[in-house]
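What follows is a single structure, written as structure tokens, with notes after it.
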Amino acid sequence: MFVYFAYPLGILAPGLFHRISRRLGRAMTSLVGAIAMLAAIGLVFWPNVIAVFAGLGLLTAAFLGTHSILSGWVVARAHAVGRSTSRASSAYLLTYYLGSTV
């Protein structure tokens with residue numbers, strides 16, 4: 001039941017990551033998100049309930065924040081090089097859902 005407390009963090013994360021990407025750029029923000037996900041995975045394996053909950057919250061926020069940055073970046077990059085944005089977005093989402101499934 002307590003896992004649902006991580007959802008509000010996932011809702012707020014894309015806005016936070018967007019503000020961070022304005023300062024650091026998309027590449028650095030994506031790297032920060034990936035590092036945060038690795039740190040969250042480390043917290044989940046810590047033998048402490050509080051650390052596990054903090055890890056789940058951080059993992060949810062970092063994952064969804066990074067996803068929002070990358071999905072927007074794919075569309076912007078496709079548009080910049082004159083490619084189909086719908087195909088680029090579809091290809092990204094296909095790999096996103098395949099990765100999430102694994």
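The values are calculated or read from the model by the stated rules, or taken from the named source; none is laboratory data. Computed from a predicted structure; not experimentally measured. Heads up, the Cβs are rebuilt from the backbone with ideal geometry, glycines too, and the neighbour counts pull from every protein chain shown. For the accessible areas, the whole protein counts, side chains as well, though only heavy atoms, and no ligand, DNA or RNA atoms are used. Shrake-Rupley method; radii C 1.70, N 1.55, O 1.52, S 1.80 Å.
Just a few scattered comments:
- Once the Cα atoms are used to define both axes, helix 49-80 deviates from the longest principal axis of the chain by about 0 degrees.
- In plain terms, the chain from R22 to T85 could stretch by 20.5 nm, reckoned as 0.36 nm per residue minus the Cα-Cα distance.
- Accessible-area composition of the chain, carbon plus sulfur, in percent [1.4 Å probe]: 72
- Computed from Cα positions, the angle between helix 85-101 and the longest principal axis of the chain comes to roughly 20 degrees.
- Restricting the chymotrypsin sites (Phe, Trp or Tyr not before Pro) of the range 34-99 to loop positions (DSSP other than H, G, I, E, B) with no more than 15 neighbouring Cβ atoms within 10 Å leaves F45.
- For I35, I41, I69, the ranking by accessible surface with the largest value first comes to I35, I41, I69, using a 1.4 Å probe.
- Across the chain, Cα pairs under 8 Å and at least six residues apart give a relative contact order of 31 percent.
- Angle between the chain longest axis and helix 7-24 axis [Cα atoms, degrees, rounded to 10]: 50
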